[in-house]
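The values are calculated or read from the model by the stated rules, or taken from the named source; none is laboratory data. None of these values were measured; they are calculated from a predicted model. Cβ: placed from backbone, ideal geometry, glycine included. Neighbour counts: every protein chain shown.
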Amino acid sequence: MAMIDHPTQLERTLLESIPLARAMGLSVLDYDGNRLALTAPLAANVNDKGCAFGGSMVSLMTLAAWGLINLKLGEAGLDADVYVADSAISYLEPVWEALIAEACAEPGQDWAVFVHDFNQHGKARITIAVEINSVQGAGVACKMFARFVAKRGEF
């Protein structure tokens, strides 16, 4: 995969490379250099109860974390294969509106250390925190902590 260094390029890559992203109606909502927000309409991600499907929520959160890591690597001029190693998800309340997943490095994680490790060893790990908030509810509707691995491409 080519280096991703801009949110527009990330959105294009997700939509062209991952059929699920297209089916979900995914788009990049915001990127501030440390936080990436992806969104998807409820209509394309609804369950039998009329609220957001849990599989769509976890997919959007995973793609937000993956996208954030690729953007940070791209900003450092690095091209890598990025994989999710493990994750923990908590579904706290239903979401009745468009999904917005916001990803950032988990507190205590350091992008400079991540990039340094990648440059030194050809691979690096980082944990990303992602949340989906509920506009109608009391705040966080779903949260995920996921550990990702970036490796130098072997192709």
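Structure summary
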| read-out | value |
| --- | --- |
| Of residues in the range 13-27 being exposed (fewer than 13 other Cβ atoms within 10 Å of the Cβ) and not small (Gly, Ala, Ser), the one farthest from residue 3 (Cα to Cα) | 19 |
| Number of the exception - residue 137 against (1) modelled with pLDDT of 95 or more; (2) outside any helix (DSSP H, G or I); (3) exposed (fewer than 15 other Cβ atoms within 10 Å of the Cβ); (4) not polar (S, T, N, Q) | (1) |
| Matching entry among 52, 23 (being touching a strand residue (DSSP E or B) at 6+ places or on another chain (Cβ under 8 Å) and modelled with pLDDT of 95 or more) | 52 |
| Every pair of residues 6+ apart whose Cβ atoms lie under 8 Å, when the first sits in the range 38-52 and is without any contact (Cβ under 8 Å) to a residue 40 or more places away in the chain while the second is assigned to a strand (DSSP E or B) | 46/52 |
| In the range 112-134, the residues that are surrounded by fewer than 17 Cβ atoms within 10 Å (Cβ to Cβ) and outside any strand (DSSP E or B) | 112, 113, 116, 117, 119, 120, 121, 122 |
| Residue check for residue 100: surrounded by 17 or more Cβ atoms within 10 Å (Cβ to Cβ), at pLDDT 95 or above and in a strand (DSSP E or B) | yes |
| Subset tally (residues that are among the charged types (D, E, K, R) and touching a residue at least 40 places away in the same chain (Cβ under 8 Å)) for the range 87-122 | 3 |
| Filter result for residue 4 (under 16 Å from the mean Cα position of the chain (by Cα), outside any helix (DSSP H, G or I) and more than 26 Å from residue 153 (Cα to Cα)) | no |
| Complete set of residues in the range 44-97 that are in a loop (DSSP other than H, G, I, E, B), over 20 Å from residue 135 (Cα atoms) and among the acidic types (Asp, Glu) | 48, 79 |
